[in-house]
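The values are calculated or read from the model by the stated rules, or taken from the named source; none is laboratory data. Note that the coordinates shown come from a computational prediction; the quantities given were computed from them, not determined experimentally. Quick reminder, even Gly has a Cβ in these numbers, built from the backbone with ideal geometry, and neighbours come from all protein chains shown. Side chains included, ligands, DNA and RNA excluded: accessible areas come from the protein's heavy atoms. Shrake-Rupley method; radii C 1.70, N 1.55, O 1.52, S 1.80 Å.
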Amino acid sequence: MMTHTDIQSGQAAQASAAPSAMKVSDEIAIEIENMNKWYGTFHVLRDIDLTVRRGERIVICGPSGSGKSTLIRCINALEEHQKGRITVDGTVLSSDLKNIDRIRSEVGMCFQHFNLFPHLTILENCTLAPIWVRKTPKKEAEETAMHFLRKVKIPDQANKYPGQLSGGQQQRVAIARSLCMKPRIMLFDEPTSALDPEMIKEVLDTMIELAEEGMTMLCVTHEMGFARQVANRVIFMDQGQIVEQNEPEAFFNNPKSDRTKLFLSQILGH
Amino acid sequence: MSDTHSESISFVRESFLPEVPPPAAEAGPVKWLRANLFSGAVNSVMTLLALALLIYILWGFLPWLLGGNWTASNIRECREIFQGSGAGCFAVLTERWNQLLFGFSYPPSEYWRPTLSLLLLAVVIAPVLFSHLPRWLLIVTALYPFTAYWLIWGGTIFTPVMALAGVIAGYFAYRRAVERGFAVGLLAGLVVALFVWWLGGLAAASEPDSLALERVPSRDMGGFMLNMILGVVCVSLSLPIGILLALGRQSSLPIVKWICVVFIEFIRGVPLITLLFVANVVLAYFLPPGTNFDLILRVIIMITMFASAYIAEVIRGGLAALPRGQYEAADSLGLDYAQAMRLIILPQALKISIPGIVNVAVGLFKDTTLVSIISMFDLVGMIRGPILASTDWNGVYWELFGFAALLFFVVCYGISQYSQWLERKLATDHR
Ligand SMILES: Nc1ncnc2c1ncn2[C@@H]1O[C@H](COP(=O)(O)OP(=O)(O)OP(=O)(O)O)[C@@H](O)[C@H]1O
Ligand SMILES: [Mg+2]
């Protein structure tokens, strides 16, 4: 993890200019108001308030068990919240299944363990949702899929099965699979934490490229080099609450709360 | 990475040695024999013992099989010919061949009909078993049940044609109405299908003899044909029903879940024989008086219920074995429940369940012989009843039951081989 931060620290200077250059519009992509969630009696998320504008790139970090995964999984209703309101792309998340399916098709998600479909080829993984959800003709879906596979730099693996690919390649396929749905928002849940160091870079490069194209992104990650380079805002969570949020420079250079300082010293220190 | 290596590693091989075959003395049949059969004292003794046992069995079996008689007209004739040598009296198979296959009341002039059905089955089942055949062939497969019914039971062709028309009309009604919800679609489909069937019933009753094959009632079905009918129909019905039950058991709708659990647990807790007796006797009490509810149909319903409960549990195991991430990935792409199940979850769960499903299918096929207990004359029923009871063949046990075993073995072994081939073909996960 540290090596990677080092690799990118060289680019940090020029990258710090980039976030402001990448336009953030005033339009609101995700709005979370006073959201609470319980697992049984366990209060996982408490009074979460978060507004994400279109084109914004947000990195969420925090200690294990702080509720980061739960938070972003609430945004596409993989988990349901019990109190408060989540508005995605102007649609309020309710228990209406049609609504949920629509929001999910607008919001791409990448998981820690890729979750590719092992019984389908890479190409089929990428064309499945466009064909069945968007009703795209097969030919067109395949062209789109090849376009995104080229973009994540693995077009030559299109006819293999996920089990034949390395972890990094699988994660890039997972990103391409989400992109094939032309999502307006992308969620990442620790996309690199199941990968070897060499593979982390290839996945992060893909994500950086995506950020530079102005995709609205929420990433749970502990790749601080990535956070510095592309994030507009870094959010620190602990015990189900948002403890601190700030622009990356300010967040890393003078964190305000003690818990943030402790966390940063653990993860950046040594 | 690479430049760090070039600094820290002082030697890197640049050209690779060519591949060579393994030394000849370490390959070939002698090596195999030595390694597998005679690798040590104990192993050698076991090998010799097994060989001796094999020879002993063949010593008794081969003369019985090869010296057997195929032409005698009854068991006394057999005994005269053999003079106590103990060879097989296979003449019973030749003489009762048709009875063993078709039962004793199927009209002999019509034997070609079930035979043709069986041949057709072998053809139309191919696109179901082998997915690389063109998909439009499945339409031909879908027509098969109606054709086979007409061929085996006979009667006017209006019966199967109108039955088919009902299914098609119901399907289109479903397609029309399903936009307003699945339940509405299902109801519309059912109503339209029932209406067409009712019309069809009138048509068939008014024209009982147009384009008709000689009608053969269900009680005249028998022999191995009956086992095949029950086996094929029940396996092909219990698989989809089992899938639905397994999904229902996982459902988040409490009523659906509850119904499926009760059904599965009840059926699994009851012996099949009991269900067959229910089909034979008790079911008649529940039906309105005067309804003539076909016995074969009753038996099919019972065996199907029995097998689908088992298949449901096998598939539930497959569903439980899938990582939760697969459900989540399908959900996060916006697939709805039906799509996620059909495209992502079931293909994988069914693949895991293949050995278990085959186990149930093979067991079910053999269990069709249980109908001999409720006095239906399937293959075993024919042997135990009319054939062994006749004065001509009383006492020919080995040949008859050996033949029955062989027929069942061929079919079951075929199913097993197919399933292993399928498993290998579907192995894409490279674990
Ligand atoms: N299905 C569940 N049922 C009950 N408790 C759960 C469930 N999923 C998560 N939790 C609990 O909720 C809390 C938050 O979990 P979450 O997965 O969101 O943490 P996280 O911040 O993503 O941690 P990590 O960095 O380890 O992934 C944890 O304490 C966890 O034990
Ligand atoms: Mg997590």
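Quick rundown of the values:
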{"quantity": "Close pairs from the range B:39-62: first more than 18 Å from B:Ala87 (Cβ to Cβ), partner open to solvent by less than 80 Å² (accessible area, probe 1.4 Å) and at pLDDT below 90, Cβ under 7 Å, at least 6 apart", "calculated": "B:Asn43/B:Leu37; B:Thr47/B:Leu37"}
{"quantity": "Residue list for the range A:207-236, restricted to those being within 16 Å of ligand 1 (Cβ to nearest atom) and of a type in the set (Val, Ile, Thr)", "calculated": "A:Val220, A:Thr221, A:Val234, A:Ile235"}
{"quantity": "Pairs where the first residue, in the range B:136-164, is at pLDDT below 90 and the second is outside any helix (DSSP H, G or I) and hydroxyl-bearing (Ser, Thr, Tyr), C-beta under 9 Å, 6+ apart", "calculated": "B:Thr156/B:Ser210; B:Ile157/B:Ser210; B:Phe158/B:Ser210"}
{"quantity": "Total residues in the range A:197-228, condition away from chain B (no Cβ under 11 Å), of a type outside the set (A, V, I, L, M, F, W, C) and more than 16 Å from ligand 2 (Cβ to nearest atom)", "calculated": "10"}
{"quantity": "Enumerated helices (runs of 4 or more DSSP H) restricted to the range B:58-149, each holding at least 1 residues that are within 23 Å of B:Pro386 (Cα to Cα)", "calculated": "B:75-82, B:91-95, B:97-102, B:112-124"}
{"quantity": "Enumerated strands (runs of 3 or more DSSP E) restricted to the range A:41-135, each holding at least 2 residues that are within 16 Å of ligand 1 (Cβ to nearest atom) and surrounded by fewer than 20 Cβ atoms within 10 Å (Cβ to Cβ)", "calculated": "A:42-53"}
{"quantity": "When residues of the range A:166-198 are limited to those that are out of contact with any Phe, Trp or Tyr (no Cβ under 9 Å at 6 or more places or on another chain), more than 16 Å from ligand 1 (Cβ to nearest atom) and more than 17 Å from A:Glu213 (Cβ to Cβ), the one least open to solvent (accessible area, probe 1.4 Å)", "calculated": "A:Gly168"}
{"quantity": "Close pairs from the range B:186-211: first over 24 Å from B:Gly154 (Cβ atoms) and among the small types (Gly, Ala, Ser), partner modelled with pLDDT of 90 or more and open to solvent by 80 Å² or more (accessible area, probe 1.4 Å), Cβ under 8 Å, at least 6 apart", "calculated": "B:Gly189/B:Tyr171"}
{"quantity": "Scope the range B:378-428; condition part of a loop (DSSP other than H, G, I, E, B) and either open to solvent by 40 Å² or more (accessible area, probe 1.4 Å) or modelled with pLDDT of 90 or more (or both); matching residues", "calculated": "B:Thr391, B:Asp392, B:Asn394, B:Ala427"}
{"quantity": "Positions within the range B:332-341 being assigned to a helix (DSSP H, G or I), within 9 Å of chain A (Cβ to nearest Cβ) and open to solvent by 50 Å² or more (accessible area, probe 1.4 Å), in sequence order", "calculated": "B:Tyr337"}
{"quantity": "Any hit, the range B:62-80, residues being under 30 Å from B:Gly395 (Cβ atoms), open to solvent by 90 Å² or more (accessible area, probe 1.4 Å), in contact with a Ser or Thr (Cβ under 6 Å, 6 or more places away or on another chain) and modelled with pLDDT of 85 or more", "calculated": "yes"}
{"quantity": "The range A:132-152, subset of a type in the set (Val, Ile, Thr) and touching a residue at least 12 places away in the same chain (Cβ under 8 Å), residue farthest from the other protein chains (Cβ to nearest Cβ)", "calculated": "A:Val152"}
{"quantity": "Which listed residue is open to solvent by 30 Å² or more (accessible area, probe 1.4 Å), touching a residue at least 40 places away in the same chain (Cβ under 8 Å) and in contact with a Gly (Cβ under 6 Å, 6 or more places away or on another chain), from A:Gly214, A:Gly240", "calculated": "A:Gly214"}
{"quantity": "A:Leu97 vs. criteria in contact with a helix residue (DSSP H, G or I) (Cβ under 9 Å, 6 or more places away or on another chain) and at pLDDT below 90", "calculated": "yes"}
{"quantity": "Residue check, A:His43 in contact with a Cys (Cβ under 6 Å, 6 or more places away or on another chain), of a type outside the set (Gly, Ala, Ser), away from ligand 2 (no atom under 16 Å from the Cβ) and in contact (Cβ under 8 Å) with a residue 12 or more places away in the chain", "calculated": "no"}
{"quantity": "Unique match (being within 12 Å of chain B (Cβ to nearest Cβ) and either within 23 Å of B:Pro323 (Cα to Cα) or away from ligand 1 (no atom under 16 Å from the Cβ) (or both)) among A:Pro162, A:Pro155", "calculated": "A:Pro162"}
{"quantity": "Test: residue in the range A:20-35 that is touching a residue at least 60 places away in the same chain (Cβ under 8 Å) and exposed (fewer than 15 other Cβ atoms within 10 Å of the Cβ)", "calculated": "yes"}
{"quantity": "Conditions (1) over 13 Å from B:Leu247 (Cβ atoms); (2) within 13 Å of chain A (Cβ to nearest Cβ); (3) assigned to a helix (DSSP H, G or I); (4) not aliphatic (A, V, I, L, M): number failed by B:Gly318", "calculated": "(1)"}
{"quantity": "Test result for B:Arg268, within 14 Å of another protein chain (Cβ to nearest Cβ) and either within 20 Å of B:Pro240 (Cβ to Cβ) or over 25 Å from the mean Cα position of the chain (by Cα) (or both)", "calculated": "no"}
{"quantity": "Flag if B:Pro355 is open to solvent by 50 Å² or more (accessible area, probe 1.4 Å) and within 14 Å of chain A (Cβ to nearest Cβ)", "calculated": "no"}
{"quantity": "Options A:Ala129, A:Ala194: the member that is within 16 Å of ligand 2 (Cβ to nearest atom) and within 12 Å of chain B (Cβ to nearest Cβ)", "calculated": "A:Ala194"}
{"quantity": "Filter result for B:Gly223 (at pLDDT 85 or above and open to solvent by less than 30 Å² (accessible area, probe 1.4 Å))", "calculated": "yes"}
{"quantity": "Residue within the range A:134-141 that is small (Gly, Ala, Ser) and in contact with a strand residue (DSSP E or B) (Cβ under 8 Å, 6 or more places away or on another chain) present", "calculated": "no"}
{"quantity": "B:Leu190, sole failed condition from (1) touching a Gly at 6+ places or on another chain (Cβ under 7 Å); (2) buried (at least 16 other Cβ atoms within 10 Å of the Cβ)", "calculated": "(2)"}
